[in-house]
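Throughout, read-outs are computed from the coordinates displayed, never taken from laboratory work. Predicted model only: the values in this text are computed from it and were never measured. So basically every Cβ, Gly included, is an ideal-geometry build from the backbone, and we count neighbours across all protein chains shown.
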Amino acid sequence: MKKLLVFILFSTLSFAQDIQLESGDLIFQNLSCGPLCDAINAVTSGYDDLDFNHMGLVTKEEKELFVIEASGKAVRKVRLDVFLNYTNAPMYVGRLKPEYKSLIPKALEFAHQQIGVPYDDVFLYDNGKYYCSELVYDAFKAAYKKPFFALYPMTYKIPNSTAYFPVWISYFNNLKTNIPEGELGCNPGGMSKDEKIDILGILK
């Protein structure tokens with residue numbers, strides 16, 4: 001048993017160390033933000049049935065790596081090390097399949113242009129604001145000149161129930177807006193399963 005555990009650990013570490021990030025790569029994270037993150041994870045699923053509730057788009061500039069993300073109060077660009085320090089949980093890297101890599105420069109150009117756009121705290125698509133996966137969705141839509149990733153009806157209800165998660169009731173009450181149940185949107189988990197990208201493995 002000890003030999004098996006050592007082998008698994010060694011294999012995982014080796015897998016993570018082999019990834020050399022490139023511009024256009026997607027980093028998928030599972031952040032610990034309490035009941036909100038728990039509620040997101042309960043109704044979404046990612047690659048290999050993993051939980052992802054945040055993501056960012058890698059850009060390489062003068063040999064330094066950054067991540068463009070919609071987080072906090074607005075779209076922003078942060079150093080890679082800052083992004084990686086958000087969590088100690090394993091992060092996974094997605095890379096566009098070769099036939100789509102020509103889209104990356106235009107997608108990054110679009111993403112850079114959105115820096116400073118307010119964070120979309122009501123999670124409504126096409127309202128002039130961005131949440132994390134929405135930014136990535138629109139960046140590649142702009143580059144592809146038509147939808148690249150998919151939108152799906154979003155839910156804020158407890159699985160197998162008609163009741164909303166209490167945390168979402170409080171969240172949207174505080175924002176003085178209705179829960180956008182059934183509105184089209186996207187999430188990091190769904191994007192991690194898209195057939196147009198390959199998951200390279202664990203980054204950290």
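Put a dot 7 Å past each Cα toward the Cβ at D18 and N178; how far apart are the dots in nm?
Result for the modelled spin labels: 5.0 nm.
Report the antiparallel proportion of the DSSP beta bridges in the stretch 2-202 as a percent, rounded to a multiple of 5.
That works out to approximately 95 percent antiparallel.
With 10 angstrom as the radius, rank S23, S170, S161, S192 by how many other C-beta atoms surround their C-beta, starting from the fewest. Walk me through the intermediate numbers first.
Values: S23 16, S170 13, S161 8, S192 23.
Going from sparsest to densest Cβ surroundings: S161, S170, S23, S192.
Determine which aspartates and glutamates satisfy two conditions relative to K193: a Cα distance under 13 Å, and not lying fewer than 8 residues away in the same chain.
Reachable aspartates and glutamates: D48, D49, D51.
What ³J(HN,Hα) values, in whole Hz, does the Karplus curve 6.51 cos²θ - 1.76 cosθ + 1.60 give for the stretch 147-159 when θ = phi - 60°, with x put for Gly and Pro?
Values per residue, Gly and Pro as x: x, 9, 8, 9, 9, 9, x, 8, 10, 10, 9, 4, x Hz.
Based on DSSP H runs of at least 4 residues, each adding -39500 (n - 2.57), what is the mean residue ellipticity at 222 nm of the chain after dividing by all its residues, to the nearest 500 deg cm²/dmol?
-9500 deg cm²/dmol
Residue by residue, what Karplus-based ³J(HN,Hα) values in Hz, rounded to whole numbers, does the stretch 20-36 have, using 6.51, -1.76 and 1.60 with θ = phi - 60° and x for Gly and Pro?
The phi angles translate into 10, 5, 10, 4, x, 5, 10, 10, 9, 10, 10, 7, 9, 10, x, x, 5 Hz.
So which of K63/K146; K106/K176; K145/K176; K106/K129; K101/K129 end up more than 29 Å apart, counting from Cα to Cα? Numbers along the way, then the final one.
Working: K63/K146 31 Å; K106/K176 36 Å; K145/K176 35 Å; K106/K129 20 Å; K101/K129 26 Å.
Too far apart for the 29 Å limit: K63/K146; K106/K176; K145/K176.
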